[in-house]
1. To the nearest µm²/s, what D does Stokes-Einstein give for the chain at 37 °C and 0.692 mPa s, using the Kirkwood radius over alpha carbon pairs as Rh?
2. Can you tell me the accessible area per residue over segment 298-449, all protein chains present, probe 1.4 angstrom, in square angstrom?
3. Which ³J(HN,Hα) values in Hz, rounded to whole numbers, follow from the phi angles of segment 60-73 under the Karplus curve 6.51 cos²θ - 1.76 cosθ + 1.60, where θ = phi - 60° and Gly and Pro get x?
4. Would you give the gap between the C-alpha center of segment 219-243 and the C-alpha center of segment 270-332, rounded to a whole Å?
5. Bin by bin, in steps of 5 Å, what percent of the Cα pairs in segment 185-321 do you find, going until the bin that has the longest distance?
6. Using a Förster distance of 22 Å, how high is the FRET efficiency between THR154 and GLU41, based on the Cβ-Cβ distance and rounded to 0.05?
7. Work out from phi, with θ = phi - 60° and the Karplus expression 6.51 cos²θ - 1.76 cosθ + 1.60, the ³J(HN,Hα) of each residue of segment 16-25, listed in order in whole Hz, and give x for Gly and Pro.
8. ³J(HN,Hα) across segment 219-224 via Karplus (A = 6.51, B = -1.76, C = 1.60, θ = phi - 60°), whole Hz, x for Gly/Pro?
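The values are calculated or read from the model by the stated rules, or taken from the named source; none is laboratory data. Because the structure is predicted, anything quoted here is derived from the model rather than measured. Glycine also receives a Cβ, built like all others from the backbone with ideal geometry; neighbour counts cover every protein chain displayed. Protein only, heavy atoms only, side chains kept; ligands, DNA and RNA dropped before computing areas. Shrake-Rupley method; radii C 1.70, N 1.55, O 1.52, S 1.80 Å.
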Amino acid sequence: MTRLKQSGIDFSVGTLNFLANIGIILPYVLILAKWQQTQSETYLIALVAFYISRAASIFYTKRLNLRASTYLILSLTLGAAGSLIFAITAHLGWLIIGSLLWGYSAATIWPYFLTVKLHLTHTADFKMKHLYWLIFAILALIVGADVLAKFNYTLTFVLLGLLYLIALPGGLLLNNFTSDFYQESPHHVHGLSQTWRWVLSVIFFGVIAVLTTLRKASVNISSWLILTIIGIALVILIIELIADWHVLPSYKMRLLNRGFLVSMVLLFNSFFAYFYLGKAGMYAVFAVYLLGFETGFTLFNLLGHHDARRARHDSLISLMVGQILLLIPWVGSYLLGLLLITLYVGYDNPTLNETLYGLDSIDTDSAIIHKYRFSTYGGLLCQLAMFGLLVAISTVAGLSILDFFKPSDTGNFALYFYGLSWPLVIVSLIISVGSLRSKSPVTVETQSE
């Protein structure tokens, strides 16, 4: 009986670990698949609502003044609710509610899980058992059965909702394990203040909603109007950054750079790769990203002989060379450039986690949230820059915006290479140079996403 109970706990914690790693992207992929299957405006609106909720939640999640371990339980609960809503109804109102709940969960489950994990790593000899392959196999089998039986993803939504519920005991267990840590740590209050920033945020994420819709469907909006609202969003983003500049000033550019790079690789290049590799382009970009992200930390540590300064220096060289290679219109330099950039991201990510968590100037319970918050700023900056450039060159060339997001041929390669890729890479280079002033990382022994 005791062994059975322990196996159940291990499976719950393993499920939590699994959901934390895939929770930010899997719900989006499933809602996207549902929309592509139905081509229904209802699911398009739900998809946009999810995307906006996921982007906005990381900025406002600490306002309830709860512990990270409590937020983790909340994230699991809302994830279950969101998934099950999609399983039982197709009513627009409920799907919007489900998208908002699921979007919050997707944005926060990994940062809070990582925060709790770091708390336990630094205060106790606690190790989590990895059951990725078992849970992934179960999920893959259910998705396969769902598609073959034409259940329209209902079974998948149900399973995912159940996985969130299965992970809840693991979340409660981690909450108990961290109780001593919180008793010894000062409580930091994050109040609801600066109403003007809330108003600006509503406008800003309204713009992001419009841009997200334009990626998926043809909407009759004047190019000049789109450029105007993008300009307004850029001004708001700059105001927000100025208002937050006092937080982590030595690491701000480095965090912005991380967000810009990830968005440039996964958002822009997942579409642009079509003009190099056709329909296989998106899959090639994802494969290169996973390879670089998972091996970057190990590779640069080996090259630097486990010296943090040498490893960071080598990773920065990799980044700069990768960005320069992207300026060459050849598929070989393109793929190598993406790999070198993602190797840098793979190295920088865990060193940032440990460095920010260990700072005396910031609350350890909020350090990872701050990381993803400012990284999201960088990602949104990349998205606005990409759309501004895309609208401008599409207007001049007399093309539809969807010709980039849903291309039928590679005839416009030069237009998008010099009009989109070049400017984004150059902006990325400028941000990277600005991030060189960041402090050197502490030595890290294990990789965290």
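1. The calculation lands on 143 µm²/s.
2. 40 Å²
3. For segment 60-73, the Karplus curve yields 10, 5, 7, 6, 8, 6, 9, 6, 4, 5, 6, 4, 5, 5 Hz.
4. 30 Å
5. Binned Cα distances yield the sequence 2, 7, 10, 14, 15, 14, 14, 12, 7, 3, 1, 0.
6. Numbers: r = 20 Å, r/R0 = 0.90.
Here the calculated transfer efficiency is 0.65.
7. So the J values, rounded to whole Hz, are 4, 4, 5, 5, 4, 7, 10, x, 6, 10.
8. Using θ = phi - 60°, the values come out as 10, 7, 10, 4, 4, 5 Hz.
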